[in-house]
1. Kindly write out, for the stretch B:83-94 in residue order, the coupling ³J(HN,Hα) from the Karplus curve 6.51 cos²θ - 1.76 cosθ + 1.60 (θ = phi - 60°), rounded to whole Hz, with x marking Gly and Pro.
2. Where does each of A:109-115, A:67-73 land if you order them by average Cβ count within 10 Å, highest first?
3. How compact and how long is the stretch A:32-135, expressed as Rg and Dmax of its alpha-carbon atoms in Å?
4. Cross-chain or 8 or more residues apart, Cα under 18 Å: how many lysine pairs in the stretch B:13-193 fit that? Count them up, please.
5. Within 12 Å, Cβ to Cβ, of A:L113, how many net charges do the neighbouring residues add up to if Lys/Arg are +1 and Asp/Glu are -1?
6. So what is Rg over Rh here for the stretch B:13-193, counting just Cα atoms and using Kirkwood for Rh?
7. From other protein chains only, count the Cβ atoms within 10 Å of every residue's Cβ in A:135-143, then give the mean.
Amino acid sequence: MAQALVELLRSEFPQAVIASSSQHGDETVIVDAASWVNIHRFLRDDERCQMQMLTDLTAVDYPDREPRFEVVTHLHSLSKGHRLRAKTRVGDPAGERVEVGSLTELWGSANWLERECFDMLGVHFLGHPDLRRILMYPEFEGHPLRKDYAASHIQPLLAYRDAPNIEKLPPFDRHEGMSFGRQTHDGFASEEDDALSRKRSH
Amino acid sequence: MGQLKETTEHVLETGQGQGFATTRFEDLLHWAQKYSLFMYPFVTACCGMEFMSVSSPRYDFSRFGSEAPRFSPRQSDLLWVVGTIVQRQAPILKRIYEQMAEPKWVLAFGTCASVGGFYDNYACVAGIDKILPCDVYIPGCPPRPEAVLDGLLLLQDKIARGDRSPGVVKPRQDPAQDQTGGLIQLRKSRSSVG
């Protein structure tokens with residue numbers, strides 16, 4: 001059913017629709033970033049589309065691609081029952097200028113979704129009324145879901161307390177994360193654990 | 001590190017049926033403190049369901065003199081940290097800890113509060129001991145109510161002994177060491193077949 005939507009978009013915006021694909025009956029259309037807001041406005045307002053609901057808005061980081069980011073929206077028509085996924089590609093490899101128009105004037109739900117997308121991936125939505133972090137704290141630097149954000153990099157808001165060996169305090173060492181350790185109430189299960197315990201207590 | 005099997009030493013020595021008792025003042029004080037823990041539940045995540053379970057009649061930790069939750073840190077002396085603590089929440093938790101009156105104790109409920117668990121990422125604090133001193137750790141995701149009760153008893157034991165070193169709740173039974181139906185028996189039966 002949504003195949004007709006793609007054809008409609010192709011006829012209405014012949015320059016803007018770059019590609020389209022279908023998987024398990026779900027249509028995806030990739031559009032030009034400059035027409036991002038106009039296409040969404042058409043999808044919402046046109047009689048044949050009636051996409052009243054913006055289900056989701058997010059972005060994906062492809063560090064090897066140019067443009068680097070894909071902004072994705074999932075649209076749903078409550079009256080017609082069809083769905084469509086729209087994508088656009090933005091951003092240079094350095095991730096500096098990642099800009100696309102904001103959909104907040106079309107759907108209220110886009111407000112927080114775009115804020116989350118900005119917070120996590122650093123996509124700037126032009127025309128957003130209040131584009132600031134929504135999940136992370138304002139002091140946070142960088143965008144944690146970008147592929148070049150190191151997985152182990154943390155930015156504590158509150159400095160860790162000044163204690164020796166604060167990174168790993170006893171009693172968690174080799175038993176960390178196990179639902180049950182090798183230690184029981186009846187003492188240590190092996191000579192190795194016993195030695196470890198004695199070493200720790202000194 | 002405290003262990004449950006070490007029983008608390010007798011606080012009171014009765015004097016030959018003469019109606020008096022001798023003890024040290026610290027022992028009496030600790031004995032009184034351990035049975036009047038006013039708790040502040042700082043519940044942030046799914047472990048909270050387990051906390052509700054253990055505080056409700058089925059497991060009922062009020063049996064151990066720890067029944068009254070106080071939702072003001074100024075009236076409480078035991079901070080239950082139940083669930084994942086994210087970096088953004090750390091200053092709030094620290095402030096609540098600082099508002100509590102001395103003497104105060106901290107109990108880490110579950111793996112997330114203890115060491116962060118699998119939330120080893122940009123957002124989470126890998127264990128509340130990074131920001132405040134912790135007395136008892138209860139591992140488990142979530143911990144069994146029995147483990148929570150063990151943790152409470154371990155804390156009371158530590159209070160009675162005046163021990164402020166960190167303690168961890170140990171499993172009551174280690175399935176891998178179970179000689180009757182556990183992994184060892186399973187391996188034995190397999191090797192005998194082969």
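No value in this document is a laboratory result; all are computed from the given coordinates. As the structure is a computational prediction, the values presented were derived from the model and not from experiment. Note that we place each Cβ from the backbone using ideal geometry, even for glycine, and neighbour counts take in every protein chain shown.
1. So the J values, rounded to whole Hz, are x, 5, 10, 8, 4, 5, 8, 4, x, 5, 4, 4.
2. The most tightly packed comes first, giving A:67-73, A:109-115.
3. Spelled out, the Cα radius of gyration and Dmax of the stretch A:32-135 are 13.4, 42 Å.
4. Final tally of qualifying lysine pairs is 7.
5. Every neighbour counted, the sum reads -3.
6. Value, to two decimals: 1.08.
7. 3
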